[in-house]
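The block underneath contains the structure these notes are about, expressed in structure tokens.
The values are calculated or read from the model by the stated rules, or taken from the named source; none is laboratory data. Small disclaimer: the values here were computed from a predicted structure and weren't measured. Please note: Cβ atoms are built from the backbone with ideal geometry, for glycine as well, and neighbour counts cover all protein chains shown.
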């Protein structure tokens, strides 16, 4: 079609150039080629979010694990130092713990203060508590980690807040299980001419006297006795209503006691 005027002197609305453009537009709209590229462009932001999130999260877990391991080590060091040097004051023990933490931590340089600014002393991100519970050493870390890739989606920092607690040596509850050999061989005499069963009774009595001292009961001490022969005497508890059948319960306890007894023998021989 040429660019000519009609009988009224008006130019035609569609020229050849316009017609070709419309045809190309219709072809583009109906064309299905290259849809994978378009889908990838649309999904690339989500893919970047997932990949960046996994990288930052792995980095976060690595730093967090290092901080917790260092807190555990520092808390144990404080408890040990307090045992060896009972005259040390709490501030001295805390200072020692902070130095121990700084020496053991490998990634503390990645931690920022909760205000998201660099710290100048360890005490700004780590706190030791020795007073709220005298039987434990409590240590907490409170800081943040700057993200590397998640900042693209406005997640600039990840919080690192964790506490650990260490029970001091000799403190806390004790649960003790005594697996006692009452087989026929215990009727024999030992090297001192005393029956083995008698020596066993004396040894257990002496140990319990030390542990209970002058008390007849203790809320922090629990002792279980498992007499071992060819089987374990589970007592009436195994036959009580609602429990496992007595024979099965006895067999299970016998196997447990046998394994415990063998481990004790191996430990004694070594």
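Can you tell me which residue in the stretch 148-176 is surrounded by the fewest Cβ atoms within 10 Å (Cβ to Cβ), limited to those that are modelled with pLDDT of 85 or more and under 30 Å from residue 223 (Cα atoms)?
So, considering only residues that are modelled with pLDDT of 85 or more and under 30 Å from residue 223 (Cα atoms), the one surrounded by the fewest Cβ atoms within 10 Å (Cβ to Cβ) is 165.
Out of (1) over 27 Å from residue 155 (Cα atoms); (2) touching a strand residue (DSSP E or B) at 6+ places or on another chain (Cβ under 9 Å); (3) without any contact (Cβ under 8 Å) to a residue 40 or more places away in the chain, the odd one out for residue 105 is which?
(1)
Yes or no: residue 112 out of contact with any helix residue (DSSP H, G or I) (no Cβ under 9 Å at 6 or more places or on another chain), touching a residue at least 40 places away in the same chain (Cβ under 8 Å) and buried (at least 17 other Cβ atoms within 10 Å of the Cβ)?
Yes; evaluated as a whole, the condition is true for this residue.
Conditions first: (1) loosely packed, with under 15 Cβ neighbours inside 10 Å; (2) not assigned by TED's automatic domain parsing to the domain that holds residue 113. Residue 179 passes all but one, so which condition is the exception?
(1)
Name the pairs: first residue in the stretch 79-102 and over 16 Å from residue 138 (Cα atoms), second residue assigned to a helix (DSSP H, G or I), Cβ to Cβ under 6 Å, at least 6 apart or on different chains?
102/122
Quick one: residue 202 ticks every box in (1) more than 30 Å from residue 72 (Cα to Cα); (2) surrounded by 13 or more Cβ atoms within 10 Å (Cβ to Cβ); (3) without any contact (Cβ under 8 Å) to a residue 60 or more places away in the chain bar one, so which box is it?
Condition (2) is where residue 202 drops out.
Select from the stretch 208-217 the residues that are touching a strand residue (DSSP E or B) at 6+ places or on another chain (Cβ under 9 Å) and without any contact (Cβ under 8 Å) to a residue 24 or more places away in the chain and write down the one among them that is nearest to residue 167 (Cα to Cα).
Of everything passing the filter in the stretch 208-217, 212 is nearest to residue 167 (Cα to Cα).
Looking at residue 232 and the list (1) under 38 Å from the mean Cα position of the chain (by Cα); (2) modelled with pLDDT under 55, which single condition is not satisfied?
The failed condition is (2).
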